[in-house]
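Encoded as structure tokens, the structure appears first; notes follow it.
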Amino acid sequence: MDILGIAQQGLQQAETQFNRSAQQIAQTSLNSGPSQPPDDSVTLSDSAVSLMSATNQYETVVGVAHTAAEMQQATLSLLA
């Protein structure tokens, strides 16, 4: 099992989610001028929750990667 590879994939997913949410917030801010009615399908609170979720996912995956590195180091010290 390639834990570090799985962690890397998780980091990429978190980054994608974060960037998508940030882009939605930016688009919402740009589109909500006084002359246009708000017709966006994503509210700012939903986007903020998505940003926090991506941040939490990123932090969790970094912890998994750190634990995997520690496990590999411990395994190598047992074999040496």
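Would you check which residues across the stretch 61-80 are within 19 Å of the chain's Cα centre (by Cα) and surrounded by fewer than 14 Cβ atoms within 10 Å (Cβ to Cβ) and list them?
Correct list: Gly63, His66, Thr67.
Look through the stretch 45-59, keep the residues that are among the hydroxyl-bearing types (Ser, Thr, Tyr) and more than 8 Å from the chain's Cα centre (by Cα), and return whichever of them is surrounded by the most Cβ atoms within 10 Å (Cβ to Cβ).
Ser47
Determine whether Leu11 is at pLDDT 85 or above, part of a helix (DSSP H, G or I) and not polar (S, T, N, Q).
yes
The values are calculated or read from the model by the stated rules, or taken from the named source; none is laboratory data. Values in this document were obtained by computation on a predicted structure and should not be read as measured data. For neighbour counting, all protein chains shown are included, and Cβ atoms are generated from backbone atoms with ideal geometry for every residue, glycine included.
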